[in-house]
Amino acid sequence: MKKTLKFILGFVAATFIIIAVFWGSFVYVSDYKITNADTSVSPDGTYELVLQAVGEADFPFGSASGRLVLYEGKSRISKADFELFDDGGCIRSGIWEVTWHEDCVIVILSGDEQPDEQIILYFDGKKENKQLTDKEEHTEAEDMIEIEGIN
């Protein structure tokens, strides 16, 4: 009787441990695992911007968590977290547009279920976020043309 009870308790304990390990692995991959989706390097090669996925998109058609990390060499300057609403789509290279400038990098994030989001990461560590409307996108494009002297 004692051997049978020890066997049953051992079996239950082993089963519990196996379930806990699988559950922990699932939670880590779905909520916390960081995956590099794409990178962009400044024209002079000094700075690197990394687009990262944090976990997986919420099932079945939820948002995906992402992060932008700006590096100068191996030193991290800043990071910006964001949520992408793209009909359950994951963080990938097709969701961002990167423009390098003298003092910052401007990123436009696009998802099917959200207005475009602009994130500006300055090389001194500051950052700015804002949602763009069609009018703002058009005005900013015209401003950039004037700044760069393109006619």
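Within segment 1-60, track down each residue that is within 23 Å of residue 75 (Cβ to Cβ), part of a loop (DSSP other than H, G, I, E, B) and open to solvent by 90 Å² or more (accessible area, probe 1.4 Å).
Narrowing segment 1-60 to residues within 23 Å of residue 75 (Cβ to Cβ): 34-54.
Within this subset, residues satisfying the condition of being part of a loop (DSSP other than H, G, I, E, B) are 42-46.
Of everything in segment 1-60, those that are within 23 Å of residue 75 (Cβ to Cβ), part of a loop (DSSP other than H, G, I, E, B) and open to solvent by 90 Å² or more (accessible area, probe 1.4 Å) turn out to be 43, 44.
Looking at segment 29-88, which of its residues are at positive phi and in contact with an Asp or Glu (Cβ under 9 Å, 6 or more places away or on another chain)?
Once the filter is applied, which keeps residues that are at positive phi and in contact with an Asp or Glu (Cβ under 9 Å, 6 or more places away or on another chain), segment 29-88 yields 55, 73, 87, 88.
With (1) of a type outside the set (Gly, Ala, Ser); (2) open to solvent by less than 70 Å² (accessible area, probe 1.4 Å); (3) in a strand (DSSP E or B) as the list, and residue 97 as the residue in question, which single condition is left unmet?
Unmet for residue 97, out of (1) of a type outside the set (Gly, Ala, Ser); (2) open to solvent by less than 70 Å² (accessible area, probe 1.4 Å); (3) in a strand (DSSP E or B): (2).
Is at least one residue of segment 25-42 at pLDDT below 90, within 30 Å of residue 121 (Cβ to Cβ) and either in contact with a helix residue (DSSP H, G or I) (Cβ under 7 Å, 6 or more places away or on another chain) or of a type in the set (D, E, K, R) (or both)?
Yes, that holds for at least one residue.
Across segment 66-75, which residue is farthest from residue 97 (Cα to Cα) among those that are touching a strand residue (DSSP E or B) at 6+ places or on another chain (Cβ under 6 Å) and open to solvent by 40 Å² or more (accessible area, probe 1.4 Å)? Before the answer, list the steps.
Start the filter on segment 66-75 by keeping residues that are touching a strand residue (DSSP E or B) at 6+ places or on another chain (Cβ under 6 Å), which leaves 66-72.
Next, from what is left, pick out any that are open to solvent by 40 Å² or more (accessible area, probe 1.4 Å): 67, 71-72.
Details: 67: 14, 71: 18, 72: 20 Å.
My answer is 72.
Which one of these does residue 102 not meet: (1) under 17 Å from the mean Cα position of the chain (by Cα); (2) closer than 30 Å to residue 133 by Cβ; (3) without any contact (Cβ under 8 Å) to a residue 12 or more places away in the chain?
The single condition residue 102 does not satisfy is (1).
List every residue pair whose Cβ atoms sit under 7 Å apart, with the two residues 6 or more apart in sequence or on different chains, where the first one lies in segment 78-92 and is within 13 Å of residue 49 (Cα to Cα) and among the hydroxyl-bearing types (Ser, Thr, Tyr) and the second, anywhere, is open to solvent by 10 Å² or more (accessible area, probe 1.4 Å) and assigned to a loop (DSSP other than H, G, I, E, B).
Hits for this filter: 78/125.
Residue check, residue 84 against (1) open to solvent by less than 70 Å² (accessible area, probe 1.4 Å); (2) hydrophobic (A, V, I, L, M, F, W, C); (3) over 17 Å from residue 129 (Cβ atoms), all met but one. Which one?
Here residue 84 clears every test but (3).
The values are calculated or read from the model by the stated rules, or taken from the named source; none is laboratory data. Given the structure is predicted, the values throughout are model-derived calculations rather than measurements. We place every Cβ from the backbone using ideal geometry, glycine too, and count neighbours over all the protein chains shown. For accessibility, only protein heavy atoms count, side chains too; no ligands or nucleic acids. Shrake-Rupley method; radii C 1.70, N 1.55, O 1.52, S 1.80 Å.
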